[in-house]
Structures are given as structure tokens and as C-alpha cells.
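One structure is given below, encoded as C-alpha cells.
The values are calculated or read from the model by the stated rules, or taken from the named source; none is laboratory data. Not measured: the values here are computed from a predicted model. Calculation scope for accessible area: heavy atoms of the full protein, side chains included, ligands and nucleic acids excluded. Shrake-Rupley method; radii C 1.70, N 1.55, O 1.52, S 1.80 Å.
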Amino acid sequence: MKKILMLTAFALAGLAAAQDTTTTTTTTDTATPAMDSPATMSASDNYAKAQEFAVQADVAYPVPFYDRTLWKASVDHAYYAASMEAGNRDYNAYLAQLYTKTQWWINAYNAWSKLTDLNDTEKQWASLSAAKLAYLALQRGDTETARMYVDKGMAWADSASLQSIMKRLP
């Protein structure tokens, strides 16, 4: 009986500590980048920062999403770089890549659509963004939009996903 009470006391103490908001808590998004404002930096500095934060984010998070601090910082810096030098293909392609990687499908699709002469890897990323949007459109019953995304995605690169979605369209 004494052993059971001691185990129960340890278990309750552990639960109390877990619920105590004044103690140190563990979260998956503890990274807080020290950032200069992207608006005050040059396009090339923003581009370099975007790459730096992306490398850190790859290490810090198991799945890339824009709402993660380092991914957000990376995308934001890339956005500023691309906005400051709209004609710089490297900056715009990197922004499109980050949108794709962080699963921000509509921004990825729009960014890839603005670029010309995509290389094979970029065509795959662009096609993926179109496939994701086609699937979402199909899920909500919008077959016209789904077909538009499938057609655009197939123009970039054929994929099993796009083929599968195409078979489901009337």
C-alpha cells in the first residue's frame, strides 16, 4: 500500500508540474530569430537572411510551415528581396521555392506562374503547387477550377497526382 501511495504522489507531482504555467515549458517552436527589419535591409541582405533562416528552420522543425518562426522569417526576407528587385529572377524563384516548401500553395502557384523558363526542378515544384490546389478545388466541388490547375500543372510537369485528379474530373 505504501508503494502505491508513493507512486501516486510522484505521478500527481508530475502532473502538477506539467500544468504549472510558471515553470519552463517545452514547445516545438522555441526559435526566435534576431532580426533586423527586412524593410531597412537591402535586397541582397534580405536574400542572404532568407537563406540563413531557411537553413536554421530545416534543422529546427521536422515539417516546414509558414507559421513556424524561422520559416516565417525566411519567407518574409525572401519576399522583401523579391519585392525590392522585382526583376531579379533568383530572388523570385527562391521566394516561390519557399512558398512551396512551407506549403503555402496559392502563393507558390502565383509565384511560379510569374516566372518564365523554369528549370526541371522548378517545374516539379510548380506542378506540385498546382496539384495541391487542384485537389483542394476538387474537394470543394469546384471542377472548373480544379481542371484549370490540372492543365497548368501538366504544362509544367506531368505527375501521378495530376493524372489521378484528372481522372476524377468530368
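Can you list the aspartates and glutamates whose alpha carbon sits under 13 Å from that of Lys101, skipping same-chain ones fewer than 8 residues off? Within the straight-line limit of under 13 Å, Lys101 reaches these aspartates and glutamates: Asp58, Asp67, Glu122. Using 0.36 nm per residue and subtracting the Cα-Cα separation, the extra length available between Ala160 and Asp36 on full extension is 40.4 nm. Could you report the accessible area of Lys49 in Å², rounded to 10, computed with a 1.4 Å probe on the protein chains as they sit in the structure? Counting only protein heavy atoms, the figure is 40 Å².
Listed values for the stretch 38-43 are Karplus-derived 3J(HN,Hα) couplings in whole Hz (6.51 cos²θ - 1.76 cosθ + 1.60, θ = phi - 60°), namely x, 5, 9, 9, 6, 4, and x replaces Gly and Pro. Cross-link partners for Lys123 among the aspartates and glutamates, with Cα-Cα distance under 13 Å and sequence neighbours closer than 8 places in the same chain left out: Asp158. For the stretch 153-165, putting each phi into the Karplus relation 6.51 cos²θ - 1.76 cosθ + 1.60 with θ = phi - 60° gives couplings of x, 5, 5, 7, 6, 5, 8, 4, 4, 5, 4, 5, 5 Hz, in residue order, rounded to whole numbers and with x for Gly and Pro. Residues Tyr66, Tyr109, Tyr79 ordered from highest to lowest accessible area at a 1.4 Å probe: Tyr79, Tyr66, Tyr109.
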